[in-house]
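The values are calculated or read from the model by the stated rules, or taken from the named source; none is laboratory data. Nothing here was measured: the structure is a model prediction, and the numbers come from that model. Heads up, the Cβs are rebuilt from the backbone with ideal geometry, glycines too, and the neighbour counts pull from every protein chain shown. For accessibility, only protein heavy atoms count, side chains too; no ligands or nucleic acids. Shrake-Rupley method; radii C 1.70, N 1.55, O 1.52, S 1.80 Å.
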Amino acid sequence: MKALLLVFAAAALPLVAQSSVQYRLKFPNAVHHEAEIRATFEGVPQPVLEVLMSRSSPGRYALHEFAKNVSNFRATDGEGHALSVMRPSPYGWNVSGHHGTVIVEYTLYGDHVDGTYAAIDQTHAHLNLPAALVWAHGFEHSRAALSFEMPAGSNWRAATQLIPEANGVWSAPNLEWLMDSPVELSNFDMPEWKIENATFRLALHHQGTAEQARAYADLCKAVVLEEEGIFGAFPKYDGGTYTFLIDYLPYASGDGMEHRDSTVISGAAKLPDSARSAIGAVSHEFFHAWNVKRIRPRSLEPFDFEHANMSGELWFAEGFTNYYGPLTLERAGISTREQFFHGMSRTVNAVLNSPGRNINDAVEMSQLAPFVDAARSIDPTNFENVFISYYTYGEALAFGIDLAIREQFPGKSLDDWMRTVWREHPDIDRPYTLDDLQSALAKTTGNSQFAAEMFERHIAGKEPLDYAALLAPAGFKLQKAHTGQAWIGGERLTSGEGSVEISGNALYGSPLYNAGLERGDRISECDGQPVKTAADLRTCAEKRSPGASVRLTAKTRAGSKTANVTLSEDPSLEIVAYEKAGLQPSPEQNAFRELWLRSKARHELPNFK
């Protein structure tokens, strides 16, 4: 963001010096989820001010149309005279007739606690600013100042990465900084701690105690220290402070959203019971302080608030972060190795057994984000057959590439690749491309052929990594989870109306797909016996052997149908330690395992056990 300011200053410094925006937010009707917002644009340079509501938000890649929650929009000049307002689009208002000052007022509705939207009630105002604030063309590089009128008797305070100023004012030097700065207004607990020159704050809005908040802060601190150990240093936070904005409330949606010097995390967790499970979101989102907020793909720079943002690098930005999230918890001792490998089993299984692996590579999966990143549509898609989440695909790639680097280049690891990328692309003024990532891998390993093959075959290609061979040096096996068990398919099945409905798309190559059955078909009999639940159908199949067939009776769009379904062997995979497989790992395998999974923290971890 600093680089963006410097570039702009050379071209338009006089305009920046004269133009500014002041926002005032108050909450007289918080009980009904409404805020009243006033935005004052000073030094408007053009006769028609184009005011907009964002359609996209940092950390999101799909359109979300935040203007749908704006009402009572009106505009006046600096003397209180009404101005002409035209609406050229669903998310824009053109204001004319002013003399350099435009005051816009509107009502904002918000009742969704997560990282993307706004949530207002008697307990708090939880604000993702693209979902709350209008902005204007011509003011993208202007200073913005915010002030909040707290409800009487609320004891609300403000927590945000915005710059604190005098008299309760918070500011941002430009639009990108403003929109990347979420705000929590509530009577939150705020434990904080300092490590070297960085201060960390946990603004926790929850229904627990201050003591529980401090205990949870110890878990957060362990994550912070463990991930700092991977890179060897913290990023330079713009205000010297990083803030965790966390809402754990019974009505909150589970979510996490990264920002440059803060993160928003929400969910229905209840401390202390859910602390160990909830900390996974903290581990993922804090890693983003390096990976995606500073180690930034060129395809996301600058961020476009008016259109969907497409990137072919999300397998790295999101997927590698998804690998380091649980790995951090294991290394820090917050989770167990069994839990870590259970998660990796699910990830590898999902990638190797998904039909989408044969349709799109990791780059192409990433480019589909605008259609799947909390995007809304009413027509069915075929994503079950053509798409694997870039979170999952990238996590599996990171897992396998980490093992490959460790085996082929002793003393090196994925950690080293991450450090190389950060060293070469330390902030948004030096964003990376796919070629840059490949170059950094070649520099890390000292082997350009290894890097080229990884990218050509497994990242920009569809060839899967050989996980069984990659796991062996660490003393783990990749094996069938249900050897010899017959399988009717991995489709989603729903019980009801005395039958079983195929409620998800039939999966390419599955027994149900090959038999000509499809989503919406209702199966009532298996080999002449009634099936009323999904368990009934799977039990009927599992009584047979792979290669055998069962006769299903189903109601389809074309009428009643009888289909012979040839069963296959259950393809589910699992990762098992040699010890559990009846094998004894060698000293070399134990050493490999320990070097990979032990703590990387450079400072002593807090006592959170």
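Placing one equal scatterer on every Cα of the chain and applying the Debye formula, the log10 ratio I(q)/I(0) at q = 0.09, 0.10, 0.11 Å⁻¹ is -0.82, -0.98, -1.14. In a DSSP loop and with at most 15 other Cβ atoms within 10 Å, the trypsin sites (Lys or Arg not before Pro) in region 222-304 are LYS236. Residues HIS284, HIS112, sorted by accessible area with the largest first, give HIS112, HIS284 [1.4 Å probe; ligands and nucleic acids excluded]. Counting only cysteine Cβ atoms and a cutoff under 4.7 Å, the chain contains unmatched residues CYS220.
By the rule of a C-alpha distance below 23 Å, with chain neighbours fewer than 8 residues away ignored, the lysines paired with LYS221 are LYS194, LYS236, LYS270, LYS293, LYS600, LYS609.
Of all lysines in the structure, those lying under 23 Å Cα to Cα from LYS26, and not within fewer than 8 positions of it along the same chain, are LYS68. Kirkwood hydrodynamic radius of region 413-543, from the reciprocal of the average inverse Cα-Cα distance over all distinct pairs: 19.1 Å. Rolling a 1.4 Å probe over the protein heavy atoms leaves GLU196 with an accessible area of roughly 100 Å².
Taking the protein heavy atoms of the chain in the context of the full set of protein chains, the accessible area attributed to carbon and sulfur is 49 percent at 1.4 Å. Within the same chain, lysines fewer than 8 places from LYS543 are excluded, and of the rest, those with a Cα less than 26 Å from its Cα are LYS480, LYS532, LYS555, LYS561.
Per residue, how much accessible surface does region 456-609 expose to a 1.4 Å probe? Answer in Å², no decimals.
53 Å²
Here the Karplus relation 6.51 cos²θ - 1.76 cosθ + 1.60, evaluated at θ = phi - 60°, turns the backbone of region 118-130 into coupling constants of 10, 9, 10, 7, 6, 9, 5, 10, 10, 10, 8, 5, x Hz, with x for every Gly and Pro.
Within region 537-606, all pairs of alpha-carbon atoms sorted by distance into 5 Å bins from zero give the percentages 3, 11, 12, 11, 9, 9, 7, 7, 8, 7, 7, 6, 3, 1.
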